[in-house]
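A short worksheet on the structure shown next.
The values are calculated or read from the model by the stated rules, or taken from the named source; none is laboratory data. No experiment lies behind these values; they were computed from the predicted model shown. So basically every Cβ, Gly included, is an ideal-geometry build from the backbone, and we count neighbours across all protein chains shown. Quick note on the areas: whole protein, heavy atoms, side chains included, nothing else; ligands and nucleic acids left out. Shrake-Rupley method; radii C 1.70, N 1.55, O 1.52, S 1.80 Å.
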Amino acid sequence: MKIAQRAQRIEPFYVMEVAKAASALAQEVAHTSQPMIFLNIGEPDFTAPPLVQEAAIRAIQQGRTQYTQATGLQALREKISGWYASRFHADVAPSRIIITAGASAALQLACLALIEAGDDILMPDPSYPCNRHFVSAAEGNAVLVPTTAQERFQLTRAKVEAAWNDKTRGVLLASPSNPTGTSIAPDELQRIHEWVHGKGGITLIDEIYLGLSYEERFGHTALAMPGELGQNVISINSFSKYFNMTGWRLGWLVVPQALAPVVERIAQNLFICASTVAQHAALACFEPDSLAEYERRRAEFKARRDYFIPELNRLGLRVPVMPDGAFYAYADCSQAAIKLGVSGSWDFAFELMKRAHLAVTPGRDFGQAAPQQFVRFSTANSMAQMKEAVARLRAVLG
């Protein structure tokens, strides 16, 4: 059977290969004194709060399970619009919001609507691998631009200008980012978007971790940029991270007004709509009690960061930029790997799995800029697990 070239361009998702190995070992050590600790997957340990769960049950019991419009429940689009206004002081009309089957569907819709075969899309290196694969699936070229710790592992306007050529269609950014947890400073983001917009290009920005920002300097949506700039940025968001609804598969896309009917037409054909039950449940995310619970959880994620990053630094797993959002630590494992007698982040991750029963993600997934030097820790786990992980790291690294 002949496989399509677009499918062959999609690389394996190596984090899942590590996860499979960790899960297999976890079964072997489950009843020992050191069961597996998973710091490899970017999934909150919290689940949807009570009001959200209750709203889902009511929707099922009341038979509200039929298709919605492809753009989603109007009430949910209005709730999201209100959240942007109250949380970020951004004016985002409900008509610009399309509810999607997770942020993945939002990215797919945006790429299919805007990218032609052969178009180049600039992205920072390191970055989340699936983002570049969405570009490839739309027959575009994801162009990874190496970034440094001094640049917060983010693109700058100078780098965008230097990398831009006749084939460049736009940029795909993430703020806060996976795997680094770093954001683009709002003034630099505006400078990038001004350049891209001036070239007739597109600015797509993954903001799925925006709700989990910990510093006022960075916790701003690109949609709040002034005037025409904010109206022409394309933002991808999700109910998975801040709202703790990973398996519910619900996200949204904010597009320029003129693009909304185009995206709606594609969504009608590819997805019909996002899960109706999940949409009804998500309405309860914006109840005052739910929002208060999300903010309590955000504070807990920050407390984990504030504990875990200094401990990694003390152990020689240096985190070159303090994450200002999300729940990741992108740590230089070079010296630690030498201590364990291995070379590179891939072997280090498997050695750590074997010796400490601790699962982490090697840098291989995240690009070509020194992936062998870095591992990603996820702090989306309890403080007790964080402390046990530090104890195990200390035992094997000294």
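Against the definition (touching a helix residue (DSSP H, G or I) at 6+ places or on another chain (Cβ under 8 Å), open to solvent by 10 Å² or more (accessible area, probe 1.4 Å) and without any contact (Cβ under 8 Å) to a residue 12 or more places away in the chain), how does Asp306 come out, yes or no? Break it down into steps so the answer makes sense when it comes.
Details: touching a helix residue (DSSP H, G or I) at 6+ places or on another chain (Cβ under 8 Å): no; open to solvent by 10 Å² or more (accessible area, probe 1.4 Å): yes; without any contact (Cβ under 8 Å) to a residue 12 or more places away in the chain: yes.
When the stated conditions are applied, Asp306 does not pass them.
I'd like the full set of residues that are part of a helix (DSSP H, G or I), open to solvent by less than 20 Å² (accessible area, probe 1.4 Å) and over 15 Å from Arg169 (Cα atoms), limited to the range 106-154.
Those that are part of a helix (DSSP H, G or I), open to solvent by less than 20 Å² (accessible area, probe 1.4 Å) and over 15 Å from Arg169 (Cα atoms): Ala106, Leu107, Leu109, Pro129, Asn131.
Scan the range 175-199 for residues that are over 29 Å from Thr379 (Cβ atoms), assigned to a helix (DSSP H, G or I) and not aromatic (Phe, Trp, Tyr) and jot them down.
Within the range 175-199, Gln190, Arg191, His193, Glu194, Val196, His197, Gly198 qualify.
Read through the list (1) open to solvent by less than 70 Å² (accessible area, probe 1.4 Å); (2) within 20 Å of Arg392 (Cβ to Cβ); (3) touching a strand residue (DSSP E or B) at 6+ places or on another chain (Cβ under 7 Å), then give the number of the only condition that Phe38 fails.
All conditions are met except number (1).
Answer with yes or no whether Gln368 is at pLDDT below 95, farther than 19 Å from Arg318 by Cβ and more than 18 Å from the chain's Cα centre (by Cα).
Values: at pLDDT below 95: yes; farther than 19 Å from Arg318 by Cβ: yes; more than 18 Å from the chain's Cα centre (by Cα): yes.
Spelling it out, Gln368 is indeed at pLDDT below 95, farther than 19 Å from Arg318 by Cβ and more than 18 Å from the chain's Cα centre (by Cα).
Does Pro44 fit the bill of being touching a His at 6+ places or on another chain (Cβ under 8 Å) and either at pLDDT 90 or above or surrounded by 13 or more Cβ atoms within 10 Å (Cβ to Cβ) (or both)?
Details: touching a His at 6+ places or on another chain (Cβ under 8 Å): no; either at pLDDT 90 or above or surrounded by 13 or more Cβ atoms within 10 Å (Cβ to Cβ) (or both): yes.
No.
Looking at the range 288-297, is at least one residue buried (at least 16 other Cβ atoms within 10 Å of the Cβ), part of a helix (DSSP H, G or I) and among the small types (Gly, Ala, Ser)?
Checking the range 288-297: at least one residue is buried (at least 16 other Cβ atoms within 10 Å of the Cβ), part of a helix (DSSP H, G or I) and among the small types (Gly, Ala, Ser).
Take the residues of the range 343-374 that are in a strand (DSSP E or B) and among the hydrophobic types (A, V, I, L, M, F, W, C): which is surrounded by the fewest Cβ atoms within 10 Å (Cβ to Cβ)? I'd like the intermediate steps shown before the answer.
Within the range 343-374, the subset in a strand (DSSP E or B) is 358-359, 361-362, 374.
Next cut, among the hydrophobic types (A, V, I, L, M, F, W, C) only: 358-359, 374.
Numbers: Leu358: 23, Ala359: 26, Phe374: 29.
By that ranking, first place goes to Leu358.
Can you spot a residue in the range 179-201 that is hydrophobic (A, V, I, L, M, F, W, C), crowded, with 23+ Cβ neighbours inside 10 Å and under 18 Å from Gly251 (Cα atoms)?
So far as the range 179-201 goes, no, none of its residues is hydrophobic (A, V, I, L, M, F, W, C), crowded, with 23+ Cβ neighbours inside 10 Å and under 18 Å from Gly251 (Cα atoms).
Out of the residues in the range 155-174 that are in a loop (DSSP other than H, G, I, E, B) and within 28 Å of Arg6 (Cβ to Cβ), which is least open to solvent (accessible area, probe 1.4 Å)? Give the derivation first.
So the first thing to find is which residues in the range 155-174 are in a loop (DSSP other than H, G, I, E, B), and the list is 155-156, 164-167.
With within 28 Å of Arg6 (Cβ to Cβ) added as a condition, the list becomes 155, 164-167.
On the way: Leu155: 3, Trp164: 41, Asn165: 71, Asp166: 163, Lys167: 109 Å².
Filtering the range 155-174 for residues that are in a loop (DSSP other than H, G, I, E, B) and within 28 Å of Arg6 (Cβ to Cβ), the one least open to solvent (accessible area, probe 1.4 Å) comes out as Leu155.
Among residues belonging to the range 219-232 that are under 19 Å from the mean Cα position of the chain (by Cα) and modelled with pLDDT of 95 or more, point out the one that is farthest from Pro256 (Cα to Cα). Don't jump to the end; show me each part of the working.
The first filter runs over the range 219-232 and keeps only residues under 19 Å from the mean Cα position of the chain (by Cα), leaving 219-223.
Imposing the further condition that a residue be modelled with pLDDT of 95 or more reduces the set to 220-223.
Numbers: His220: 18, Thr221: 15, Ala222: 13, Leu223: 10 Å.
So the residue we want is His220.
Restricting attention to the range 65-94, which residues are surrounded by 18 or more Cβ atoms within 10 Å (Cβ to Cβ), polar (S, T, N, Q) and under 15 Å from Phe271 (Cα atoms)?
Within the range 65-94, Thr68, Thr71 meet the criteria.
Could you run through the range 59-109 and say how many residues are out of contact with any strand residue (DSSP E or B) (no Cβ under 9 Å at 6 or more places or on another chain), among the polar types (S, T, N, Q) and under 22 Å from Gly211 (Cβ atoms)?
1
Name the residues in the range 310-330 that are open to solvent by less than 30 Å² (accessible area, probe 1.4 Å) and either within 19 Å of Thr148 (Cβ to Cβ) or outside any helix (DSSP H, G or I) (or both), would you? Explain how you work it out, then say what you get.
To start, the set of residues in the range 310-330 that are open to solvent by less than 30 Å² (accessible area, probe 1.4 Å) comprises 311-312, 315, 317, 319, 321, 323-330.
Of everything in the range 310-330, those that are open to solvent by less than 30 Å² (accessible area, probe 1.4 Å) and either within 19 Å of Thr148 (Cβ to Cβ) or outside any helix (DSSP H, G or I) (or both) turn out to be Leu315, Leu317, Val319, Val321, Pro323, Asp324, Gly325, Ala326, Phe327, Tyr328, Ala329, Tyr330.
Output the number of the condition that Glu216 fails; it satisfies all remaining conditions of (1) of a type in the set (D, E, K, R); (2) within 14 Å of the chain's Cα centre (by Cα); (3) more than 21 Å from Pro256 (Cα to Cα).
(2)
Look at Ile236 and say whether it is open to solvent by less than 30 Å² (accessible area, probe 1.4 Å), in a helix (DSSP H, G or I) and at pLDDT 95 or above.
Details: open to solvent by less than 30 Å² (accessible area, probe 1.4 Å): yes; in a helix (DSSP H, G or I): no; at pLDDT 95 or above: yes.
No; evaluated as a whole, the condition is false for this residue.
Pairs under 7 Å by beta carbon, first residue within 18 Å of Ser290 (Cα to Cα) in the range 229-245, partner among the β-branched types (Val, Ile, Thr) and open to solvent by 10 Å² or more (accessible area, probe 1.4 Å), six or more apart or different chains?
From the range 229-245, the pairs are Ser238/Ile208; Ser240/Ile208; Ser240/Thr246; Lys241/Ile208; Asn244/Thr47.
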